Amino acid sequence: MTSEIRLAFSHPSERAIATADDGPVDRISLRDHIVEVEIGAFQAERGTTQRICFNVVVEVQPIVGHIDDDVDRILSYDRVTEAIAAELAAERLNLLETLAGRIAERILLEPQALRVFVRIEKLDRGPGALGVEIVRSRSDSAETTQDASHERPHPRVVYLSNAAIHAPDLAGWIDQLEDEAAPLVLCVGLGDGPRPDVGHPLAQRRIDLLAIEQNGWVLAAKDPRCKVVATRTELDWAMKNGQVCIWAPSKIVLDAVDGPDNAVTDTVALTGWFAQEMDAIELLVIGAEAPALTNISVRNTPIGESVL
């Protein structure tokens, strides 16, 4: 037990050695790599950065024969730091566990990598370091890659103005769009009623996003086929299973590393940003002026006309 406790708090390299198979392996390590990043599930961790420390050990297949001092024959340290940077840039995350898993998966895509130990610690959340450590092997990564290999569906994103939400044609539009091959994701704007004005940018952004979500529930109440969804995981599952979705924007917007350039109150532009994030096949705007997008087809339909 004493040995297990010591290993738990030692550098991952010691744990790698203690748990190694009988066969020979080489190891490369990254020690005390510190990055300032916004991460965390608590409200106090939003809108601010904190120091995160990375310690990574990668077990690699030994090179047979002479390496001839050729950097292309080895797993470079840069590939480890690049994996960290890439996952930090992908999206804002709440959990260190999620970040560690994604870094491990990316490293294990390297052909030389056999097993990886990733320890991540928050240095500014208390008097000591708070963190997680995981170990993943190539076999684990192969299963994950196979599960993730199914291509994400490309939806048709539809923005409904408030007039469109309350139009008598609403059910007919959904009928028409539901019959199309692409999954259907509906987006709405701010409701017509008043909302608090608090004079604080971050708090106001939250209030505005929640007001959009309230309007989404108004739409959901009008047609039982439409379900409000908030996360990318929920959206992926719903689209693959033929569910008509109404996008609740708070989580995806607040977790985005490169969020929308416009204010969230510009809800048509916000929907355009979301359509690009979802790699939509089309953005259809009903009852409002459509945004100009360069990489997605955009259509504008007045209320009272067919959407197809």
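Being at positive phi, in contact (Cβ under 8 Å) with a residue 12 or more places away in the chain and within 21 Å of the chain's Cα centre (by Cα) is not true of ASP255. What number of residues in the range 179-229 are within 26 Å of the chain's Cα centre (by Cα), under 19 Å from MET278 (Cβ atoms) and among the acidic types (Asp, Glu)? The number of residues fulfilling the criteria is 1. Taking the criterion of being within 14 Å of ARG205 (Cβ to Cβ) and either surrounded by fewer than 19 Cβ atoms within 10 Å (Cβ to Cβ) or more than 18 Å from the chain's Cα centre (by Cα) (or both), the residues of the range 261-287 that qualify are ASP261, ASN262, ALA263, VAL264, THR265, ASP266, THR267. Considering THR98, THR144, the condition of being among the β-branched types (Val, Ile, Thr) and modelled with pLDDT under 90 is satisfied by THR144 alone.
Counting only residues that are farther than 18 Å from GLY172 by Cα and either at pLDDT below 95 or in contact with an Asp or Glu (Cβ under 8 Å, 6 or more places away or on another chain) (or both), the range 207-228 holds 1 of them.
Only residues that are closer than 16 Å to ASP192 by Cα and polar (S, T, N, Q) were counted across the range 202-234, and they come to 2.
Of the numbered criteria (1) modelled with pLDDT under 90; (2) in contact with a strand residue (DSSP E or B) (Cβ under 9 Å, 6 or more places away or on another chain), the one GLY304 fails is (2). You will find that of ASN241, ASN295, the residue that is free of Cβ contacts under 8 Å to residues at least 60 places away in the same chain, surrounded by fewer than 12 Cβ atoms within 10 Å (Cβ to Cβ) and closer than 24 Å to ALA90 by Cα is ASN295 and no other.
The values are calculated or read from the model by the stated rules, or taken from the named source; none is laboratory data. All values reported here derive from a predicted model rather than from experimental measurement. Note that each Cβ is placed from the backbone with ideal geometry, even for glycine, and that neighbours are counted across all protein chains shown.
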